[in-house]
Each structure stands twice: as C-alpha cells, then as structure tokens.
Amino acid sequence: MNSKHRTTWHMAHGKWTMAGVKNLLPLAAIFLLPLAVPFAVAQAKVVDRTIATVNAQAIMLSEFEKNAAPILEQFRKSSPSAEQTPERIADIKKRVLDQMIDDRLLVEEAKKKNIHISQLEVDDGVKKVRGRFNTDEEFNQELQKEGMTNDEFRKHIQDQLATIKLIDQEVKAKTPPPGDDEIQALYDTLDAILKDKPIPGSHTTSELEELKSLAKAVERRFGERVRARHILVRVPSTASKEEKDAALKKIKDVQARLKKGDDFTDLAKKYSDDPGSKDRGGDLGYFSHGDMVPSFDKAAFGLDVGQTSDIVTTDFGYHIIQVQEKKAAGKMSLDEIKDDLREYLFQQRGAKRFESFVKDLRSKADIKINNLE
C-alpha cells in the first residue's frame, strides 16, 4: 500500500522503477503486457463505436473499455477518494488510449521489419499467462468472458512478443550504456541534493523534480526502514455517519479479538479491506519514512518490533498496525548503489530513445481520435 501515490522511485529486483497509477509509461506497459493478460475486468455491455483509427485500423469502444477497466479499478481501490477527480480519470483514459495507439503502431512496425516469433515462443508466452490461473478451466472461462478464442489469444501473445523484439532491436540495442563518469556525476548530484548543497550542472524544472525524487528514494533506502502488517477497514470520503460508525465498530471488534490473542495474520486475511496486502496477512513489506501518509508513518515508526498500534485514522479509513522488523539507517556510498545508478541512467536513455522512436512512428501514421465520452 503506497498511501501517497505520488511519483516516486523504488528499488524492485535490482532496478529503479516508478510507482503510481499516473505513471502509465509506454515502455513499462509494453514489457508487461504479455504477462499481464489475466484479463481485463468484465464490463457491462456498451453501444460499440469507433473511438480511434490508426492507419485505417479501428479501435473500438468495447476494446478500449476492456483495457481501461482494470487500470481504473486499481486506481479507485488504491487512491484516496479526494484524488479520484474527473480530471484524473480522464487523464488515465487518455493515457490508455494513447498506449493502445502506440501498441498498434509498434505491431505494424514489427511486421514491416519482418520480426519473426516462433510457435515455441508463443507457446512459452501462453504458458506463462496460464500459470496465473489455478486450472485450465479457470483460464478458459476467462477467455470466454473476454469473447476471445484460443487462436485470438495466441495472436495477442505473438503481437506482444514481436513488439518486445522490436524494442530490443530498435531501442535497447541502440542505447549506449552510461560511463563511470556519468554515474559519478549522478551520485554527486544526489549527494548534493541530500546535503542541501548547490546542485552541479544545469537542469530543467522537470529534471530537477525527478532528481529530487530519486534522491529521496536513495535516502529512504539508506534510512530507517520498517516492515509492518496492517488491517484496514476502508471508509470512503463520501461515507455517511452510519457507515463511519459501522466501520469504527468493525475495527474495534478486530482490535478486541487481537487483545484476546487472535492471530493478526488470520484477522487481516478475513477482515482487511486493503486488496494489496490482505492475502499476505496484511504484510506491507519494508517501507521508509515518507512512503506512507503522515499519520500511518508516525504510528508505524513509533512502534517497537512486535508491538501493535491503537486504531490509526487516515484518508483510507481505520488501521491497526503491527511492526514485524526494523532496519537501522545506514550511510550512503557509491559502491552500494553504483549498479543501480547505472541501470537508472540506462533506463532513462532507453525511455528517451523509445519516446523518440514512437513519436517518429506517430508522425508517419494516419491517426484519428474521436470523443472518449
């Protein structure tokens, strides 16, 4: 549960990745699509119409709704109600449509360059997606819900694998790795930001914001960290007094059971409203100062290992927090993060090259967009 949902850089599997629903980066989406196909959320039937054309290929409203639904659902579940404005939702929808247009252009370009995907590669892609389901029956039921045949699903996987090969060939292979001097310069910049010293070099406003975000991520990595569980009883901002009272009663009942000795993990699985941690018994993993909203942050870092909080109120609702582990702050060093900074710089270069590549494809394409609403 990243309670702030702001632009932040996090370490994941040895790489810096950007978190937050608003960052629907095309490069990330393309690499994830073949494995993300467990599937769009089923939608009520709509009157279908063409919402865009890409080189005379239509993108239908029904197709757009299937792509947008899981992203919007995640946004609504994980963001405070105050952030769920019509403007934010419209922006997410625009980004989804832009991504669909880019996907069409990339698949076309892969075909033009005669990029071949073998049946064995498709088989492997299908196997990875099927692995997300408990049984073949569940997988086939999901295909039926989507109105997709096995052949259409295999074609989808084939297109996505071709897109990945295209990006490897035209973007990744043509992106030079950063040198040690660039890594040192980035480290010096982050060090200056963290020590509130003049920042070397010249940077645009957006570059400075990103560097400051990265510096905070580095600071959090070396700062004190806590691993905690929580149980959330969600309270929407539009909740009535009766609904708020019912939520408070529920969290107090959970608190009473904890005091009687009931297992925190079991209670979280049964009662928590946080979809991101519920199935893990409320486990949020490690987080640093500033990762969570202030009242949650203060409560978690104020607890000793093994200690359970009183009821904590946030914009999300009522929480009970239990600290599992703590890690003391360490000192930042270049040796510790050199490989991570190298990967970050490489990703930045790759993202710029990718954006330029897609921009060029768009400039040569005939794209028409209709009203989404």
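In table form, for the structure just shown:
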read-out: Accessible area in the full protein assembly, largest first, 1.4 Å probe, for Lys197, Lys259, Lys66; value: Lys259, Lys197, Lys66
read-out: Taking the C-alpha atoms of the range 232-373, convex hull volume expressed per residue in Å³; value: 186
read-out: Nearest-0.05 FRET efficiency for Ser62 and Asp123, computed from C-beta distance (R0 30 Å); value: 0.60
read-out: Percent accessible area from carbon and sulfur atoms, the chain, protein chains only, probe 1.4 Å; value: 51
read-out: Spin-label model distance (nm) - Ala246 vs Ala192, 7 Å beyond Cα toward Cβ; value: 5.7
read-out: FRET efficiency, 1/(1 + (r/R0)^6) with R0 35 Å, evaluated for Asp48 and Lys165 via beta carbons; value: 0.65
read-out: Environment charge at His203 (Cβ cut-off 12 Å; Lys +1, Arg +1, Asp -1, Glu -1); value: -2
read-out: At R0 = 41 Å, FRET efficiency that the Cβ-Cβ distance of Ser202 and Arg154 yields, to 0.05; value: 0.25
read-out: Of (i) 29, 26, 20; (ii) 37, 31, 20; (iii) 35, 23, 20, the label for semi-axes √(5λ) of the Cα gyration tensor in Å derived from the coordinates; value: (ii)
read-out: HN-Hα J in Hz across the range 54-59 - Karplus 6.51, -1.76, 1.60, θ = phi - 60°, x for Gly and Pro; value: 10, 6, 6, 8, 7, 10
read-out: Linear extension gain, Lys327 paired with Gln74, 0.36 nm per residue minus alpha-carbon span; value: 88.1 nm
read-out: Other-chain or far-sequence residues with amide H under 5 Å of Gln324's (modelled H); value: Arg227, Ala228, Arg229, Gly306
read-out: Distance between modelled label sites at Asp360 and Ser237, nm, 7 Å Cα→Cβ extension; value: 4.4
read-out: Translational diffusion of the range 103-162, µm² s⁻¹ [Kirkwood Rh, Cα pairs; Stokes-Einstein; 25 °C; 0.890 mPa s]; value: 198
read-out: ³J(HN,Hα), Karplus 6.51/-1.76/1.60, whole Hz, each residue of the range 324-333, x for Gly, Pro; value: 9, 8, 9, 10, 6, 5, x, 9, 5, 9
read-out: Amide proton proximity set for Gly223, modelled H, under 5 Å, gap of 5+; value: Gly330
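The values are calculated or read from the model by the stated rules, or taken from the named source; none is laboratory data. Treat the numbers as computed from the prediction; the structure is a model and nothing was measured. Note that each Cβ is placed from the backbone with ideal geometry, even for glycine, and that neighbours are counted across all protein chains shown. To get the accessible areas, we keep the full protein, side chains included, count just its heavy atoms, and leave off ligands, DNA and RNA. Shrake-Rupley method; radii C 1.70, N 1.55, O 1.52, S 1.80 Å.
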